[in-house]
1. By the gyration tensor of its Cα atoms, with a ≥ b ≥ c the square roots of the eigenvalues, what is the shape of segment 166-293: rounded for a/c under 1.5, prolate for a/b over b/c, or oblate?
2. Given the options 200, 237, 218, which has the most mean-square fluctuation in a GNM of the chain, springs set between C-alpha atoms less than 10 angstrom apart?
3. To the nearest 10 degrees, how steeply does helix 182-194 sit against the main Cα axis of the chain, on a 0 to 90 scale?
4. Under a plain spin-label model, where a point goes 7 Å from the Cα along Cα-to-Cβ, how far apart in nm are residue 244 and residue 136?
5. For Cα pairs less than 8 Å apart in space and 6+ apart in sequence, what is the mean separation divided by the residue count of the chain, i.e. the relative contact order in percent?
6. Rounded to the nearest 5, what is the percent of antiparallel bridges among the DSSP beta bridges in the chain?
7. Any chance you could give the angle, 0 to 90 degrees and rounded to 10, that helix 119-135 forms with the longest Cα principal axis of the chain?
8. Any chance you could get the radius of gyration and Dmax over the Cα atoms of segment 79-168, in Å?
């Protein structure tokens, strides 16, 4: 697995730590933009599946760093796909809801035409297409959205920090998507791999929310489990009131019926996953305190 330091790879490590069959490689161990290194690692690994979680995910920074974003998000997956084809391995590649323009009034199907608004979205779509062109139907491409989890920086960790430091917050309330716990994504990706899935699949938690809804839920659940000592006010604002270098889709909820049919169940609701994540985080802090950490 590439991108070993990321939040999704951390979830995979937690789920597979008992079987010892997965190898997790950091960027220093496998730089997916380095053709020679990719080929050498694949020749030595002799693996059945490669899971690519490595990505350039700094959405706003990508607007002024387009070359690097495309190297990591498009050319890197192409090199992995070529190595997988050469060595007879399958590739599971992670993509994003940002490949869509957000103009839909219903959840996006895997067959819907993409129309990314940002450099990040365009680079991820280019990666999808490079993988599909190289592997000709043998690939597994998993689109997800609003991912959080592990020890990496993400919306939940940022909100927890701000909620503890400030007297009030303002959060965008007119962009809709689905918060997704990394553990949910990892579990369902393992299910897709076990099912020998091919093509594009959408995997998120269930339900939908705005960033404002998500922030309020983080505050309330964190307070309930003891991660916060107060519930500060959170104010809803418009996208125009919080301008960013990269345009975001206003609506990027993903339709998951195809994945649900294949796996035989549905993902948990996003709030249920958030409650589990923050409960786990509280438990980790308590363990550290007991051990003098």
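Derivation of every value follows stated rules applied to the coordinates shown; laboratory data play no part. As the structure is a computational prediction, the values presented were derived from the model and not from experiment. For neighbour counting, all protein chains shown are included, and Cβ atoms are generated from backbone atoms with ideal geometry for every residue, glycine included.
1. Oblate shape, in that a/c is at least 1.5 and b/c is the bigger or equal ratio.
2. The residue that fluctuates most here is 237.
3. 30
4. The modelled label-to-label distance comes out at 3.9 nm.
5. Numbers: 549 pairs, mean separation 59.7, N = 293.
That works out to 20 percent.
6. The answer is about 10 percent antiparallel.
7. 30
8. Considering segment 79-168 through its Cα atoms, Rg and Dmax are 16.9, 56 Å.
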